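Scroll down for the structure; my scribbles are underneath it.
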Amino acid sequence: MELKPFLLDMWLDQWEHGIEFNLAASTGPSWTWKELLDLGGEEPARRLLNHKVVYSRPAGADSLREAIADMQGVSVEAVQVTTGASEALLVLMWLASEPGANVILPLPGFTTFSALPESLNMETRFYRIRKENGYRIDVDEIKKLADARTKLILINSPHNPTGTTIADEELERLHDFTSERGIQLVSDEVYHPIYHGEKTRSAARLPHATVIHDFSKAFPLAGVRTGWMVEHDRERREKYWNARAYFSIANNTAGEIVAEIAMRHRDVVLGKTQQAASRNLERLDRFMAEHRETLGWVRPRGGMTAFLWLNSGENARPFCQAAAEQGILLAPGDCFDSPS
């Protein structure tokens, strides 16, 4: 078992801690513990200071699961708390792994999507998210890649790094396809519900879809290391619970309390993220108009990332290196298997 180099995190760790202008981060505006505790009021703060530093439950704290279920419009039983979306992906890929199995993933995409199944010797098949068709997620292309050995199809909407989204009717069409064939449909929604135009609905409404989400992106609280899965299938939930008992056992209990505050006050937390993202996108609109001879893009429809390219077609890493040396941090395209 071998994990390929995590180029994005290596790049960020090299530059982001002392950089003046960090445009490579994919999270929303930061919060302090004090701001979150003030948002929650006296009772959550008292709970935090007086709770015992012990194991939480493998499925997650009941009150946190209740708050998540309320947002997602599902039963509490359908919610499995995880250590970020990263653990959710680890659980899903681990359980999907068997001889001859394949998974279908977006390209470009977040490194973890492909690194985990590759490390487990699974075949990875990619549907392309191309600038030539406006970074559209092509359901027909995805369907052509599937066969009897396909265990899992992953959709990421809003998508990192392009900011594209999949329309509700297209996701429903894919859900019908996977349901008929017994393929697990996974919807990574860590940037939901941050949109720049038409909003789309969570896949949590679909009976055979698995949703993963976290408190690191749209909820920009990466330090609490908390995420969740929505799963309507009881047998799958039991497998997640069992896998989690081996991987991390339970979450950081203090992080769960703070995550619950954010979830119960999600209008404020998500509102702050949306406001910052919308404001910054307006600035980026102006910047791209001024530099259209050098840079190209497809305006993102959701999330907090945009995937620009050099019109010259050259590898973008030297450009990003030069920018970093001037105090401006961007993420090179080779971190997403797209060097230009």
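The values are calculated or read from the model by the stated rules, or taken from the named source; none is laboratory data. Only a predicted model underlies this, so the values are computations on that prediction, with no experimental measurement involved. No Cβ is skipped: glycine too gets one built from the backbone with ideal geometry, and neighbour counts run over all protein chains shown. Note: areas computed on protein heavy atoms with side chains; ligands, DNA, RNA excluded. Shrake-Rupley method; radii C 1.70, N 1.55, O 1.52, S 1.80 Å.
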First check a/c for the stretch 286-340, with a ≥ b ≥ c the square roots of the eigenvalues of its C-alpha gyration tensor; if it is under 1.5, answer rounded, and if not, answer prolate when a/b is larger than b/c or oblate otherwise.
-> rounded
Pairs of Cα atoms under 8 Å, at least six residues apart: use those to get the relative contact order of the chain, whole percent.
-> 27 percent
P(r) over all Cα-Cα pairs of the chain, 20 Å bins from 0 to the longest distance, whole percent per bin, short to long, reads 30, 60, 10
Any idea how far the Cα center of the stretch 151-213 sits from the one of the stretch 289-340, in Å?
-> 26 Å
Out of 259, 105, 93, whose Cα points farthest toward the positive end of the dipole of the chain (charges: +1 Lys, Arg; -1 Asp, Glu; placed on Cβ)?
-> 259
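Largest first and in whole Å, what are the equivalent-ellipsoid semi-axes of the stretch 1-92 based on the Cα gyration tensor, each being the root of 5 times an eigenvalue? Could you put the intermediate results ahead of the total?
Working: eigenvalues 178, 98, 40 Å².
In descending order, the three semi-axes are 30, 22, 14 Å.
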Got a number for the accessible area of residue 53? Probe 1.4 Å, square angstrom, nearest 10.
-> 140 Å²
If you take the Cα atoms of the stretch 85-209, find Rg, then find the Kirkwood Rh from the mean of 1/r over all pairs, what is Rg/Rh?
-> 0.93
The stretch 286-338: trypsin sites (Lys or Arg not before Pro) falling in loop per DSSP and having at most 16 other Cβ within 10 Å | 292
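With the Cα gyration tensor of the stretch 146-240 giving a ≥ b ≥ c as the square roots of its eigenvalues, does the rule (a/c under 1.5 for rounded; else a/b larger than b/c for prolate; else oblate) give rounded, prolate or oblate? Intermediate results must be reported in sequence, preceding the final value.
On the way: a/c = 2.05, a/b = 1.28, b/c = 1.60.
Verdict is oblate for the stretch 146-240.
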Under 14 Å Cα to Cα from residue 199, which aspartates and glutamates show up? Leave out anything in the same chain fewer than 8 places away.
-> 168, 169, 170, 189
Under a straight-distance cross-link criterion of Cα-Cα below 30 Å, which lysines are reachable from residue 4, leaving out those fewer than 8 residues away in the same chain?
-> 131, 143, 144, 151, 217, 239
Regression test value, accessible area per residue of the chain, probe 1.4 Å, units Å², expected 47 Å²
Output for the stretch 1-38: chymotrypsin sites (Phe, Trp or Tyr not before Pro) sitting in coil per DSSP, at most 14 other Cβ within 10 Å, listed by number, reads 6
Once phi is turned into ³J(HN,Hα) by the Karplus curve 6.51 cos²θ - 1.76 cosθ + 1.60 with θ = phi - 60°, what whole-Hz value does each residue of the stretch 280-296 show in order, with x for glycine and proline?
-> 5, 5, 4, 5, 5, 3, 5, 4, 5, 5, 6, 10, 5, 6, 9, 10, x
Exposed-loop cut sites defined as GluC sites (Glu not before Pro) in DSSP loop states with at most 10 other Cβ within 10 angstrom; longest site-free run of the chain spans 21-197
Before rounding to the nearest 500, sum -39500 (n - 2.57) across all DSSP H runs of length at least 4 in the chain and divide by the residue total; then give [θ] at 222 nm in deg cm²/dmol.
-> -12500 deg cm²/dmol
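With the contact rule set at Cα under 8 Å and sequence spacing of 6 or more, what percent relative contact order holds for the stretch 223-331? Spell out each step's value before the answer.
Values: 50 pairs, mean separation 16.3, N = 109.
Result for the stretch 223-331 is 15 percent.
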For the stretch 140-299, rounded, prolate or oblate, judged on the Cα gyration tensor with a ≥ b ≥ c (square roots of eigenvalues), a/c < 1.5 rounded, else prolate if a/b > b/c?
-> oblate
